[in-house]
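The values are calculated or read from the model by the stated rules, or taken from the named source; none is laboratory data. Because the structure is a prediction, the values reported are computed rather than measured. Note that we place each Cβ from the backbone using ideal geometry, even for glycine, and neighbour counts take in every protein chain shown. Surface areas here come from the heavy atoms of the whole protein model, side chains and all, with no ligands, DNA or RNA. Shrake-Rupley method; radii C 1.70, N 1.55, O 1.52, S 1.80 Å.
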Amino acid sequence: MSKLTRLRQLYRSVQHRFRRMKQHQVEAPQLQQLQADLLEESRLSLLFLILIVGSCAIATFGLLANSTAVIIGAMIIAPLMLPIRGLAFGALEGNVLLFRQGLVSVAAGTFLAIVLAWILGLLVGLPSFGSEVLSRSQPTLLDLGIAVAAGGISGYAKVQPKISGSLAGTAIAVALMPPICVIGLGLSRADWALSLGATLLYLTNLLGITLSCMLTFLLTGCTPLWRAKKALGWAIALTSTLLIPLSIGFAELIRQSRLENSLQTALVNRTVTFQRIELLDIDTNWLAQPPRVRLSVRAQEPITRKQVQLLEAFVAREMGQPFRLIFIVSEVKEVTRDSAVAHPKPDAPLLYKDFRRNL
């Protein structure tokens with residue numbers, strides 16, 4: 001069987017399944033029950049507000065403590081996924097009451113969480129934030145992909161109640177509450193860049209979930225295509241506006257990965273001296289000119305300016321642009337029972353492998 005024949009058969013199979021999916025419609029009693037459930041879930045109730053306050057407080061303290069486990073706990077109880085599904089279904093069906101109720105609940109929950117995180121940030125008053133906060137200020141296309149996949153699973157879980165237990169896992173995957181808390185924490189320190197980045201991540205999650213829920217409801221036969229066209233078009237248009245900033249973030253992620261790989265290669269393979277250094281962390285400030293790279297390392301011997309200069313030249317050659325390297329060195333001292341602290345070794349000469357060939 002030729003490759004062209006196999007492709008034709010595959011195309012026909014997919015086309016046949018898609019036609020069957022379009023012909024399949026949810027029965028009227030099930031559709032009415034679905035609408036009633038979504039309407040109840042989207043209602044702005046006291047329970048919803050309590051869950052918002054609780055999940056926001058847990059997430060904010062987890063972010064301030066830089067604790068991943070605490071943040072995951074906040075994701076599980078955050079109720080924002082529920083009104084988003086109602087909003088998506090209301091838009092598709094043209095159900096003004098369901099759409100308005102879902103939109104009001106999402107807006108009220110978001111505003112309340114931002115204010116609470118802002119207040120907690122002011123009360124705690126940390127001088128700087130950890131990696132859990134900073135990581136939510138630089139969204140990429142990967143975050144949109146996660147939101148679309150998780151939103152689709154959430155929508156399907158609502159249509160198929162047997163798998164509704166996966167909703168907690170979906171909430172963890174999307175992480176709606178932490179970006180909102182980061183917005184409030186950024187406002188508490190007047191860090192507009194941090195708040196803006198977290199806002200972009202939140203909008204990415206919100207629109208990605210809404211769009212994929214719409215597509216899931218459409219493909220499972222909950223609403224006809226002719227009725228859903230307008231709302232679906234608006235959702236696609238709004239989500240598309242995020243592609244440019246998310247693509248920029250994705251490009252920066254790739255650049256960061258290439259930079260870290262070049263530095264790791266240089267430290268491990270290029271010189272004998274740098275092989276005796278343990279790399280702990282890399283932090284890059286891309287806004288500086290040239291970009292500044294802070295390398296936290298652990299070493300037994302001092303690092304000389306000549307070594308840093310040669311490493312900068314190597315990285316500039318590998319990356320196609322200059323970088324300013326700043327080493328933060330933690331000195332390692334040997335302690336034995338014979339002497340409290342061994343005498344430090346004299347500065348080691350700069351030893352080469354193939355550095356000279358590569359510069």
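In table form, for the structure just shown:
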{"read-out": "For residue 210: the one exception among (1) open to solvent by 10 Å² or more (accessible area, probe 1.4 Å); (2) more than 13 Å from residue 88 (Cα to Cα)", "value": "(2)"}
{"read-out": "Given (1) at pLDDT 90 or above; (2) under 19 Å from the mean Cα position of the chain (by Cα); (3) farther than 17 Å from residue 202 by Cβ; (4) among the aliphatic types (A, V, I, L, M), number of the condition residue 97 does not satisfy", "value": "(2)"}
{"read-out": "Test: residue in the stretch 116-130 that is at pLDDT 90 or above and under 30 Å from residue 39 (Cβ atoms)", "value": "yes"}
{"read-out": "Of the criteria (1) open to solvent by 60 Å² or more (accessible area, probe 1.4 Å); (2) modelled with pLDDT of 90 or more, which one residue 62 fails", "value": "(1)"}
{"read-out": "Index of the failed condition, residue 139 passing every other in (1) in contact (Cβ under 8 Å) with a residue 24 or more places away in the chain; (2) surrounded by fewer than 19 Cβ atoms within 10 Å (Cβ to Cβ); (3) not aliphatic (A, V, I, L, M)", "value": "(2)"}
{"read-out": "Test: residue in the stretch 15-35 that is part of a helix (DSSP H, G or I), aromatic (Phe, Trp, Tyr) and at pLDDT 85 or above", "value": "no"}
{"read-out": "Residue list for the stretch 277-335, filter: surrounded by 15 or more Cβ atoms within 10 Å (Cβ to Cβ), of a type in the set (D, E, K, R) and part of a helix (DSSP H, G or I)", "value": "312, 318"}
{"read-out": "Leading residue by the ranking (farthest from residue 115 (Cα to Cα)) among those in the stretch 147-179 that are open to solvent by 50 Å² or more (accessible area, probe 1.4 Å) and at pLDDT 80 or above", "value": "156"}
{"read-out": "Single residue of 114, 76 found to be surrounded by fewer than 23 Cβ atoms within 10 Å (Cβ to Cβ) and under 19 Å from the mean Cα position of the chain (by Cα)", "value": "76"}
{"read-out": "Filter result (touching a residue at least 12 places away in the same chain (Cβ under 8 Å) and not in a helix (DSSP H, G or I)) within the stretch 171-212", "value": "175, 176, 189"}
{"read-out": "Pairs with Cβ under 6 Å, 6+ apart, first in the stretch 61-79 and under 19 Å from residue 188 (Cβ atoms), second among the charged types (D, E, K, R) and assigned to a helix (DSSP H, G or I)", "value": "63/132; 66/132"}
